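Peer 1: Before I ask anything, let me first share the structure, which is written out below as structure tokens.
The values are calculated or read from the model by the stated rules, or taken from the named source; none is laboratory data. These numbers were taken from a predicted model, which means no experiment stands behind them. Virtual Cβ from ideal backbone geometry, glycine too; neighbours counted across all protein chains shown. The accessibility values were calculated without ligands, DNA or RNA, using every heavy atom of the protein model including side chains. Shrake-Rupley method; radii C 1.70, N 1.55, O 1.52, S 1.80 Å.
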There are 2 protein chains.
Amino acid sequence: MHCGECAAEGKIGSPNEAAIRLIWRQCLSRVLRAAAAQMGPTQRADTRAHTLDRMLKLLDAAAEQGARLVVFPELAFTTFFPRWLLEGDGLDQYFERGMPNPAVQALFDRACALGVGFYVGYAELTADGRRYNCAILVDDVGEIIGRYRKVHLPGSVEPRAGARYQQLEKRYFEYGDLGFPAFRTGSAWGHAIMGMMICNDRRWPESWRVLGLQGVELVCIGYNSAAYDPNGGTSEDAALRTFHSTLVAQANAYMNATWAIAVAKAGDEDGSGLIGGSCIVDPNGRIVAQAKTLADEVIVADIDLDLCRQGKDKMFNFAAHRRPEQYRAITERAGVIEPALPDMD
Amino acid sequence: MHCGECAAEGKIGSPNEAAIRLIWRQCLSRVLRAAAAQMGPTQRADTRAHTLDRMLKLLDAAAEQGARLVVFPELAFTTFFPRWLLEGDGLDQYFERGMPNPAVQALFDRACALGVGFYVGYAELTADGRRYNCAILVDDVGEIIGRYRKVHLPGSVEPRAGARYQQLEKRYFEYGDLGFPAFRTGSAWGHAIMGMMICNDRRWPESWRVLGLQGVELVCIGYNSAAYDPNGGTSEDAALRTFHSTLVAQANAYMNATWAIAVAKAGDEDGSGLIGGSCIVDPNGRIVAQAKTLADEVIVADIDLDLCRQGKDKMFNFAAHRRPEQYRAITERAGVIEPALPDMD
């Protein structure tokens, strides 16, 4: 995506950041072809090798369509294990002790050979024994250029009595400790400013805004979202939950003038349903591509990063229009404080 | 909506707030029939009396359909005057020096006689000369129970050279100084917790979250939104801008588990177009009623306030799931700070 003429004239070496940005916009193609690699279900009995083979096939299919970036789901290498009450080795088998590691090296190797980078989510077990629901961003030459640990862990610490399927993320993971960092990528991706979320994060506008305040142009999100109310209610079905998932990606992309790629692990995992609906959303909040199945499926779109400018420079020119002095409740407390009750005496 | 039995047993007199809330939920009907009173265009030459007569007709139509709450647009008594460069009396004619005042008293009187309350937006000129883009909430017996002054003023202080239509809200109004207060309403409205926004506020998730952190159950919003890019661009048309308007109401209602009523002044005002699309949105983000015209039009829906509980108690249980320590950028700064540029040397 380099513009040879500008580089030859030495303009890009200028210390003036505004000038550099202007040159990029004028002289670089800032269109990045990207893919959402939705995955169908992964059963507890599936081998790692079987799952990795599916991911390689998705990677190949995306590369054949010209994608330079492929977004995989949350916890992509395994089933969504927080639905089960587990301990010891039964739990540890789902965690990665390093990244890459021998079980996933083939994904890194194939991507690098193809000149394709990727986002992938996995369960991280650090050398000092900490556990996170994690995602990484790997560039087109196989370097890990960004890491994110899930902040908005849903579910509960203790299992719900009598429930066939649990949601135990609060039991198995610590809260992410890296904030919501945005990353400046290289020339293969048009120097896009990219950010990551994982699943439930996308329902919280704070996640998006912290990235928006870093000028994010493309947000990558992997998810495993139940096709029913994982908290035990009966008022939410797969259609409603898919609607919620798509709605929050669309509106938050618009309100932060960013592209978003949201990618599901979908379908029936050992009797427990996951929604699909993986989508690529433009900075106007419009869906430009969406998966149609609950299976392994690649969708591709051309991400024109400069389409973010209309929103970022006008309606959502944050410096001109935001009023942080009115937002203090957002950071001063977690929970609700209702207005006083009327006097009933 | 009172439950006579509980009152007779003295339960509502209990000092235990949690118990009172539980009794409300169990014993009160918390279904409020509410209306969006979309207004068609108001020309500069239209008289105040003509416009007020239209509002009375909308009020009557809503009351005939059983509505106990009617939501009118932003700056409902006048044309959207910030599109014009004005000064002196030419500007002052659009401002209200008191509320109610003789020019609008008939609206208060008719509403009180009908037992209907309302939200209405207007330009406020205070006794000490301050100017705000304001909205009030008037209960079913004609009392002003809430006031809000617009925080997110769009547009510019200086007129844009060569533009036929301006957006001069930043010139004519001060930034709202009341925060985003939520109000506990009376028994006629099921003791709903209500909040207000004005127009552009609805595009900013912070507005919604500050209300959400007060347990808001119904957000009333009036708007005048251009059917083109008011900042001078050409990439946004009426369809896209109506989509944006509806999208942000839907997603922010869902993310805060609240009902929302968003009401336009619509149509062609002196050659400048305004979108319609007034809508009533449920706490799942679903549109339950939407205006079909760009003219005076009433839409009505039954607002079951307890539908908010599913979201507030589970997915969006803020106390359980929000992580304010990760949100600090939201209140620490207004504008964007991009990640560092790569080293180009």
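Peer 1: Once you place label points 7 Å from the Cα toward the Cβ at B:Arg164 and B:Val141, how far apart are they in nm?
Peer 2: Reported label-point gap for B:Arg164 and B:Val141 is 5.1 nm.
Peer 1: Separate question: Sort out for me the Cα centre separation of region A:29-96 from region A:111-141, rounded to whole Å.
Peer 2: So the two Cα centres are separated by 11 Å.
Peer 1: Note the buried accessible area between A and B here, summed over both chains, with a 1.4 Å probe, in Å² to the nearest 100. Walk me through the numbers before you get to the answer.
Peer 2: Numbers: alone 15830 and 15820 Å², together 24260 Å².
The summed interface area works out to 7400 Å².
Peer 1: Can you give me the distance in nm between label points at A:Gln105 and B:Thr47, each placed 7 Å from the Cα along the Cα-to-Cβ direction?
Peer 2: 8.8
Peer 1: Please work out the ratio of the alpha-carbon Rg of region A:33-321 to 2.2 N^0.38 Å and round it to two decimals.
Peer 2: On the way: Rg = 17.7 Å, N = 289, 2.2 N^0.38 = 18.9 Å.
So the Cα radius of gyration is 0.93 times the expected 2.2 N^0.38 Å.
Peer 1: Once you keep just the Cα pairs under 8 angstrom separated by 6 or more residues, what percentage relative contact order results for chain B? Kindly include the intermediate steps, with their values, before the conclusion.
Peer 2: On the way: 731 pairs, mean separation 64.9, N = 345.
Relative contact order here is 19 percent.
Peer 1: If you don't mind, there's one more thing I want to ask. Counting only heavy atoms of the protein chains, get the accessible area per residue of region A:224-265 (1.4 Å probe) and round it to a whole Å² value. Walk me through the numbers before you get to the answer.
Peer 2: Values: 920 Å² over 42 residues.
Accessible area per residue, region A:224-265: 22 Å².
Peer 1: Can you list the residues of region A:253-288 that have at least 50 square angstrom less accessible area with all protein chains present than in their chain by itself, probe 1.4 Å?
Peer 2: Those residues are A:Tyr254, A:Met255, A:Asn284.
Peer 1: Considering only C-alpha atoms, what is the centroid distance from region B:200-276 to region A:268-330, in Å?
Peer 2: Using only Cα atoms, the two centres lie 18 Å from each other.
Peer 1: Sticking with this structure for a sec: Taking R0 as 56 Å, what FRET efficiency do you get between B:Asp313 and B:Leu341 from their Cβ-Cβ distance, rounded to the nearest 0.05? Please report the intermediate quantities before stating the final value.
Peer 2: Details: r = 46 Å, r/R0 = 0.82.
Rounded to the nearest 0.05, the efficiency is 0.75.
Peer 1: Which value, to two decimals, describes the C-alpha radius of gyration of the protein assembly as shown once divided by 2.2 N^0.38 Å?
Peer 2: Against the compact-globule rule of thumb, the ratio is 1.00.
Peer 1: A further question follows. Could you work out, for region A:176-299, what percent of all Cα-Cα pairs fall into each 10 Å distance bin, beginning at 0 Å and stopping at the bin that holds the largest distance?
Peer 2: 14, 43, 32, 10, 1
Peer 1: Among the trypsin sites (Lys or Arg not before Pro) in region B:212-297, which ones are in a DSSP loop with at most 13 other Cβ atoms within 10 Å of the Cβ? Mind listing them?
Peer 2: Here the sparse-neighbourhood loop sites are B:Lys292.
Peer 1: In whole percent, what relative contact order does region B:95-184 give with Cα contacts below 8 Å and a gap of six or more residues? Walk me through the numbers before you get to the answer.
Peer 2: Details: 152 pairs, mean separation 20.2, N = 90.
For region B:95-184, the relative contact order is 22 percent.
Peer 1: Quote the charge dipole size of chain A about the Cα centre in Debye, to the nearest 20; the model charges only the Cβ of Lys and Arg (+1) and of Asp and Glu (-1).
Peer 2: With Lys and Arg at +1 and Asp and Glu at -1, about 560 debye.
Peer 1: Give me the net charge of B:Gly66's neighbourhood, meaning all other residues with Cβ under 15 Å from the Cβ of B:Gly66; Lys, Arg count +1, Asp, Glu -1.
Peer 2: -3
Peer 1: Can you tell which of A:Tyr228, A:Val104, A:Leu85 lies farthest toward the positive end of the dipole of region A:33-321, using +1 and -1 charges on the Cβ of basic and acidic side chains (Lys, Arg; Asp, Glu)?
Peer 2: Toward the positive end, the furthest listed residue is A:Tyr228.
Peer 1: Where in region A:147-183 does accessible area fall by at least 50 Å² between the isolated chain and the complete protein assembly, at a 1.4 Å probe radius?
Peer 2: Residues losing area: A:Tyr175.
Peer 1: Further question: Given a 1.4 angstrom probe, I'd like the percentage of the accessible area of region B:4-332 that is carbon and sulfur, rounded to a whole number.
Peer 2: On the way: 5630 of 11040 Å².
Summing carbon and sulfur atoms, their accessible area is 51 percent of the total for region B:4-332.
Peer 1: Continuing with this model, one more query. With each run of n ≥ 4 DSSP H residues scored as -39500 (n - 2.57), what mean residue ellipticity at 222 nm is computed for chain B after dividing by its residue count and rounding to the nearest 500 deg cm²/dmol? Let's see the in-between values first.
Peer 2: Details: 11 runs with 93 residues, N = 345.
Using -39500 (n - 2.57) per qualifying helix, the result is -7500 deg cm²/dmol.
Peer 1: What is the spread of the Cα atoms of region B:143-234 along each of their three principal axes, largest first, in whole Å?
Peer 2: Dimensions of region B:143-234 along the principal axes of its Cα atoms: 52, 24, 22 Å.
Peer 1: Determine the sum of side-chain charges near A:Thr331: Lys and Arg each +1, Asp and Glu each -1, restricted to other residues whose C-beta is under 15 angstrom from that of A:Thr331. Please list the in-between numbers first.
Peer 2: Working: positive: A:Arg209, A:Arg322, A:Arg323, A:Arg328, A:Arg333, B:Arg209, B:Arg322, B:Arg323, B:Arg328, B:Arg333; negative: A:Glu206, A:Glu325, A:Glu332, B:Glu206, B:Glu325, B:Glu332.
Local net charge: +4.
Peer 1: Between A:Gln93 and B:Thr126, what FRET efficiency follows from the Cβ-Cβ distance if R0 is 60 Å, with the result rounded to 0.05? The partial results should precede the final answer.
Peer 2: On the way: r = 67 Å, r/R0 = 1.12.
After rounding, the FRET efficiency stands at 0.35.
Peer 1: Same structure again: Counting DSSP beta bridges in the protein assembly as shown, what percent are antiparallel, to the nearest 5?
Peer 2: If we restrict to bridges inside the protein assembly as shown, about 65 percent are antiparallel.
Peer 1: From the C-alpha coordinates alone, can you work out the Kirkwood hydrodynamic radius of region A:19-169, in Å?
Peer 2: Over region A:19-169, the inverse of the mean reciprocal pair distance is 17.0 Å.
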